[in-house]
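Visitor: A single structure is presented below for examination.
The values are calculated or read from the model by the stated rules, or taken from the named source; none is laboratory data. Treat the numbers as computed from the prediction; the structure is a model and nothing was measured. Cβ sites come from the backbone with ideal geometry, for glycine too, and all protein chains shown count toward neighbours.
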Amino acid sequence: MDKEEVDRQFKIAVDQLKGGAMIITSTDAEYGLLCDASQESAVSALLKSRGNEGLKEMVVLVNSDRLFNQCVGDIPEVTWDLVDQTSQPLNLILDASKYLPESIRPDGKVSIRYVKKGHIAELINRINRPLLCVPMDPQEAEKSDRIKGTTLETLYIDLPTSRSKTAKVIQLESNGRFEILRK
């Protein structure tokens, strides 16, 4: 894919997300159904399209300290060490801030991943907002009757792939306690 086509795909993605729509694209860890995490209507539509399974697997994607701080409440000191030292996708479950819609933080927690490089980091940079991601295979979306009023062509954004491994998941408490949920 040449630079002009990549720029065109980014523009489509940004326009879709800012307009409250969902997109499907590869992330740093999986294919995902994404929306603007700061728009309650977009979040509701995404979660409705995925049902209960979406709640368990959703993760907020950010690419900067500013967005991370907006989305998270109390940040344990070790968090920044983990973010700085990891070279593969790492979901951290932390206390959520009130910036995020309540449907993303039903128990007061948020799963968040700091994306440092690649096309998802660039997409977040261009939209300048956190993204909500629920894993979804593009072929699953094609068969899904829950994603109504749109076509796969308007959902699927063909950005350069930069996927690595499945994300590790660690829950951190403000008192320093932690639990590794997925290695």
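Visitor: Do we find a residue being at pLDDT below 85 and among the hydrophobic types (A, V, I, L, M, F, W, C) anywhere in the stretch 65-83?
Guide: no
Visitor: Name the pairs whose Cβ atoms lie under 9 Å apart, with the first residue in the stretch 104-128 and touching a residue at least 24 places away in the same chain (Cβ under 8 Å), the second crowded, with 17+ Cβ neighbours inside 10 Å and of a type in the set (F, W, Y), and 6 or more positions between them or separate chains?
Guide: Here the result reads I112/F68; Y114/F68; H119/F10; E122/F10; L123/F10; R126/F10, each pair linking the stretch 104-128 to a residue that is crowded, with 17+ Cβ neighbours inside 10 Å and of a type in the set (F, W, Y).
Visitor: Now a separate question. Being without any contact (Cβ under 8 Å) to a residue 24 or more places away in the chain and assigned to a helix (DSSP H, G or I) is the filter here, so list the residues in the stretch 6-41 that pass it.
Guide: D7, R8, K11, D15, S41
Visitor: Another one. Condition first: part of a helix (DSSP H, G or I) and in contact (Cβ under 8 Å) with a residue 40 or more places away in the chain. Now tell me which residues in the stretch 60-80 satisfy that.
Guide: Once the filter is applied, which keeps residues that are part of a helix (DSSP H, G or I) and in contact (Cβ under 8 Å) with a residue 40 or more places away in the chain, the stretch 60-80 yields L67, F68, Q70, C71, V78, T79.
Visitor: So, restricting to strands (runs of 3 or more DSSP E) that lie completely within the stretch 115-183, which ones have at least 1 residues that are modelled with pLDDT under 75?
Guide: Passing ranges, in order: 168-172, 178-182.
Visitor: May I pose another question? Is it the case, given these coordinates, that D95 is of a type in the set (D, E), in contact with a strand residue (DSSP E or B) (Cβ under 9 Å, 6 or more places away or on another chain), part of a loop (DSSP other than H, G, I, E, B) and surrounded by fewer than 18 Cβ atoms within 10 Å (Cβ to Cβ)?
Guide: Taking the combined requirement at face value, the residue does not satisfy it.
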